[in-house]
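Below is one structure, written out as structure tokens, with a few remarks after it.
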Amino acid sequence: MELLLNILKEIWLVTVAMAPYLLFGFLMAGALSVLISQNYVRRHLGGSGWLQSLKAALLGVPLPICSCGVIPLAASLRKHGASRGATASFLASTPQTGVDSLMITYALLGWIYALFRAVVAFVSGVLCGMTVSAVSPEKEADAPECADECCQPKNTNIIKRMLSYGFISLPRDIARAMVLGIIVSGIISGLVPENFFADRMGDSMAAMFLMLLIGIPLYVCSSGSVPIALAFIKAGISPGAVLIFLITGPATNAATLTTLWEIIGRKQLVVFLVTLSLCALSAGFIMNSMELHMGISEYVCKSDAHAGWFEYLCTVALISILIKGMLPEKHTNSCCEK
């Protein structure tokens, strides 16, 4: 019974800590969904070269699209004229971060980790796009002009669309993964004593490769992965090693790799996976070698600060939104919200 209460306590503490930031992230995500439409993204990712990869990564990092949502969008980008390199760059950078997951990272792991994570998502996206472009044909067949219903302008109320996407559509996409991540975080924190792995693995290369092996096949949401990362750090795994999990977990899984095989090719898939893995290992090594993890570890230790009425109010609102997001969706004939 004591163990169960400890797990429930850890789940509650993580939820309270992240609630205000996640709600703000949902709001910003809704704003981005109005300001940056899917059709706008498609128009700027055609052609080949490093510039398209750069633009794809710049667009992908802030977009609030999780691992599940990025797969059909990447396939649509490719169908509507995006190059193999731009598609790979978008698919590498987008699921790693988003305004919602960055806000959660800031809440649970501090601004250093959030900033570093955003930079790594951008750099790894550009590098994946460039390497895929390097092994792809110089000229690719032009795609027809987009004529889908989703590409047509909408005359609906902007505020309504923003709030609908931020607090209904996006939570519906990530609610299950978010709740699962919080529960897994509570279980790990409740079962594994703090700093249990510090003397066993810590910041060793073994820990980094272990996080790589866990992250590549595992399906994990960029937002839902952060509470799990917090639990790993509390258990003694170095922040650099955990960063590898945060990079590969959202960006690679069986569904993503299968999609990439189909839309960019087998050779390009291998290059994509190798490049992303090397980027993840390099990022983890840089974080630990620069001793950035010292400040992060200290922040994590202080993350259980007492919450006030505002945090509790946000927690109630967040729980309500996540519960609604997990309920069965009513059938609709609408195309896409953005």
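FYI, it's all coordinate maths here, none of it is from the lab. As the structure is a computational prediction, the values presented were derived from the model and not from experiment.
Working out 0.36 nm times the residue gap between Ala206 and Ser282, then minus their Cα-Cα distance, what length gain in nm do you get to one decimal? Can you show the working numbers first?
Values: separation 76, 0.36 × 76 = 27.36 nm, distance 1.40 nm.
Working it through step by step, the gained length comes to 26.0 nm.
When the chain is fully extended, how far beyond the present Cα-Cα distance does Trp261 get from Asn6, taking 0.36 nm per residue of separation?
Using 0.36 nm per residue and subtracting the Cα-Cα distance, I get 87.4 nm.
Quick one: of Lys9/Lys324; Lys9/Lys160; Lys55/Lys160, which pairs are farther than 27 Å apart, Cα to Cα?
Violating the 27 Å limit, Cα to Cα: Lys9/Lys160; Lys55/Lys160.
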